[in-house]
Every structure is written in C-alpha cells, then in structure tokens.
1. Mind checking the per residue accessible area of the chain for me, 1.4 Å probe, whole number of Å²?
2. Per-residue HN-Hα couplings for region 65-80, Karplus 6.51 cos²θ - 1.76 cosθ + 1.60 at θ = phi - 60°, whole Hz, x for Gly and Pro?
3. What trypsin sites (Lys or Arg not before Pro) in region 34-74 are in a loop by DSSP, with at most 14 other Cβ atoms within 10 Å of the Cβ?
4. Extension gain Arg49-Asp34, at 0.36 nm per residue separation less the Cα-Cα distance, in nm?
5. Given Cβ point charges of +1 (Lys, Arg) and -1 (Asp, Glu) and nothing else, what value in debye, to the nearest 20, does the dipole of the chain about its Cα centre take?
6. When the helix-only estimate is applied to the chain (DSSP H runs of n ≥ 4, each -39,500 (n - 2.57), divided by the residue count), what is the mean residue ellipticity at 222 nm, nearest 500 deg cm²/dmol?
7. Name the most mobile residue of Ser71, Ser86, Ser102, meaning the one with the largest mean-square fluctuation, in a Gaussian network model of the chain with Cα contacts below 10 Å.
8. Most fluctuating residue of Leu85, Leu58, Leu96 in a GNM of the chain with Cα springs under 10 Å: which is it?
Amino acid sequence: MSLDEDDTQQRLKAAVHYTVGRMCLRIGQEQHKDFSRQAIAAIAETTFRQCEIFARDLEAFARHAKRSTVSAEDVKLVARRSTALSMYIQNKSEELNQEKKSTGKRKSKDTEESRD
C-alpha cells in the first residue's frame, strides 16, 4: 500500500470513528446510556471492516457483469445477507423509482404545455 493509500485509509478510519462516536453519543442521550471508548472503537473498527467487505463485493459484482460502474442491483445483492438491510434498500429503491416516474411525468406535461 502506498503512502497516499495509507493516508487515505487512515483518514477514512478517522471519519468512521468520529461518525460512530457522534452516533453513540446521540443514541446514548436518547436511551440514557453511556458507551465506553473501547465500545465505540470496536463498533468503528467493525463498521470499517464491513464497509471494506461491501466495497470488494460491489466491485466483484460489477466486474462479473462486465461493468465498470456499481449499480443499484449490485447494492441489493450485497444487502441480501441482512434481511433488515435488504428490505430497507429495496424500499428506498422503490421510493426513488416512484420519484423518478412522478418527476418524469411532470416534465413531460410541462414540455407539452410549452409546445402549445
């Protein structure tokens, strides 16, 4: 791993650790619980490692399909390991498709009106 890659990885780890710490603080306040520094570090490290696994899997799925771009279908494939995550991603995907359809219909109506 080059120095730039190592630096980037350290920055990403720091960002994940910071974000996990903020989330633990917020959840702890809501639930009236405290998280130890060790617990936050363990959650952050587990999260980072899981993201690395997801990234490798996403790249492999796209490569297998002879694409250079990761698609929503690749994300759904990665999420299949977790029922809750899979359902969440499926619902979000459907919401986005509905938004695209409603936006597309509005644009076509606006275009037709401007032609009149």
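The values are calculated or read from the model by the stated rules, or taken from the named source; none is laboratory data. Everything quoted here is computed from the prediction, not taken from an experiment. Neighbour counts run over all protein chains shown; Cβ positions are idealised from the backbone, glycine included. With ligands, DNA and RNA removed, areas are computed over all heavy atoms of the protein, side chains included. Shrake-Rupley method; radii C 1.70, N 1.55, O 1.52, S 1.80 Å.
1. On the way: 9740 Å² over 116 residues.
With all protein chains present, the chain gives 84 Å² per residue.
2. Each residue of region 65-80 in turn: 7, 6, 10, 9, 10, 6, 10, 4, 5, 5, 5, 4, 5, 5, 6, 4 Hz.
3. Numbers: sites: Arg37, Arg49, Arg56, Arg63, Lys66, Arg67; in loops: Lys66, Arg67.
Those that pass, being in a loop and sparsely packed, are Lys66, Arg67.
4. Values: separation 15, 0.36 × 15 = 5.40 nm, distance 2.38 nm.
Length gained, Arg49 through Asp34: 3.0 nm.
5. Details: 22 positive and 19 negative charges, 66 e Å.
The calculation lands at about 320 debye.
6. Details: 4 runs with 98 residues, N = 116.
About -30000 deg cm²/dmol.
7. Top of the fluctuation ranking is Ser102.
8. Greatest mean-square fluctuation among the candidates belongs to Leu96.
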